[in-house]
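Okay, structure first, notes after.
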Amino acid sequence: MGIALQAWNGTGEWAGKKPARSFRAIFPMYDTPFHLLVLQESGIRGIGEIAGKRVGVGPRGGTAAAYFPEFLNTLKIGAALVFGEWEELAAQMHRRELDVLAVAAGVPFPSFVELEAKEKVRYVAFAPSEIAALRLIMPELTPSRIPAGTYPSLLREYQTVGLYNFAVARADLPDDLVHDGVKAVFDNHEELMEAHAAAASTIPANIDRNSFLPLHPGAIRYYQQIGRTGQTD
């Protein structure tokens, strides 16, 4: 929803472009916590200690690649950002060609799980003052946490910031198609959870996590049928 808000308002990555207003929310997906992983041997324990390090932030256009440069700029931390597919960035970390992986994704993140199977790693968290500074500049960020045990090496709760993910559709998509698509998602919730644990949050109640994007009329019809009106204007 962070990039969506930028597109809606013509700010951030969309600065200088015409605001995009032809898309609508259809169903909530899951929270995207920002989290950072380093090798234990690096000695890095705080966000400030990544200054001057090589930081993998995922593919250009992705959430991490869009936000982490702004995070570092806000916190006045200089680092060498490396863009690319996560599988390759994890391999670079394994080869000691990167110092940090900084991701924004539903948890557990597969590339982190795979790296943990090969290396001793540590999760580096934002300090409360750093979280406050980020949210002051980027109010779309919300408090987020990763429960202890989500990753084998995560022994205590990880406090961070996040952005909520929503499925969106073009406003002119047929109402019946959107209605049936939303219904299919919620009717098959258990199957979604078998594919990824983050789908536990893909439930109608989380439609309220959308604070600005209008709902598609087909989605509105579904939520009205189950007794949740959600945001309709």
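Taking (1) in the same structural domain as Ala117 (by TED's automatic domain parsing); (2) touching a residue at least 40 places away in the same chain (Cβ under 8 Å) in turn, Trp86 satisfies each apart from (2).
The residue pairs whose first member lies in the range 1-17 and is in a helix (DSSP H, G or I), whose second member is of a type in the set (Ser, Thr, Tyr) and loosely packed, with under 14 Cβ neighbours inside 10 Å, and whose beta carbons are closer than 8 Å, counting only pairs six or more residues apart or on different chains, are Leu5/Thr11. Do you know which residues across the range 35-63 are of a type in the set (S, T, N, Q) and either within 17 Å of Ser111 (Cβ to Cβ) or part of a loop (DSSP other than H, G, I, E, B) (or both)? The one that is of a type in the set (S, T, N, Q) and either within 17 Å of Ser111 (Cβ to Cβ) or part of a loop (DSSP other than H, G, I, E, B) (or both): Thr63. If the condition is being in contact (Cβ under 8 Å) with a residue 12 or more places away in the chain and over 15 Å from the mean Cα position of the chain (by Cα), then the range 136-157 contributes Ile137, Thr150, Tyr151, Pro152, Ser153, Leu154, Glu157.
The residue list Asp180, Asp233, Asp172 contains one member that is modelled with pLDDT of 95 or more, surrounded by fewer than 12 Cβ atoms within 10 Å (Cβ to Cβ) and more than 25 Å from Val103 (Cβ to Cβ), which is Asp172.
Checked against (1) of a type in the set (A, V, I, L, M); (2) over 22 Å from Leu213 (Cα atoms); (3) surrounded by 16 or more Cβ atoms within 10 Å (Cβ to Cβ); (4) within 18 Å of the chain's Cα centre (by Cα), Leu115 meets all criteria but (4). Considering Lys120, Lys76, the condition of being farther than 25 Å from Glu13 by Cβ, charged (D, E, K, R) and modelled with pLDDT of 95 or more is satisfied by Lys120 alone. Pairing residues of the range 165-180 that are under 19 Å from Thr202 (Cα atoms) with residues that are among the acidic types (Asp, Glu) and modelled with pLDDT under 95, at Cβ distances under 9 Å and at least 6 apart in sequence or on separate chains, gives Asn165/Asp31.
Regarding Ser144, is this residue at pLDDT below 95, outside any helix (DSSP H, G or I) and surrounded by fewer than 16 Cβ atoms within 10 Å (Cβ to Cβ)? In short, no.
I'd like the residue in the range 1-22 that is exposed (fewer than 14 other Cβ atoms within 10 Å of the Cβ) and polar (S, T, N, Q) and, out of all such residues, is modelled with the lowest pLDDT.
Filtering the range 1-22 for residues that are exposed (fewer than 14 other Cβ atoms within 10 Å of the Cβ) and polar (S, T, N, Q), the one modelled with the lowest pLDDT comes out as Thr11.
Of all residues in the range 177-218, exactly one satisfies the criterion of being touching a Lys or Arg at 6+ places or on another chain (Cβ under 9 Å) and either assigned by TED's automatic domain parsing to the domain that holds Leu141 or among the charged types (D, E, K, R) (or both), namely Asp208.
The values are calculated or read from the model by the stated rules, or taken from the named source; none is laboratory data. Please read all numbers here as calculations on a predicted model, not as lab measurements. All Cβ positions, even for glycine, are placed from backbone atoms using ideal geometry, and neighbour counts span all protein chains on display.
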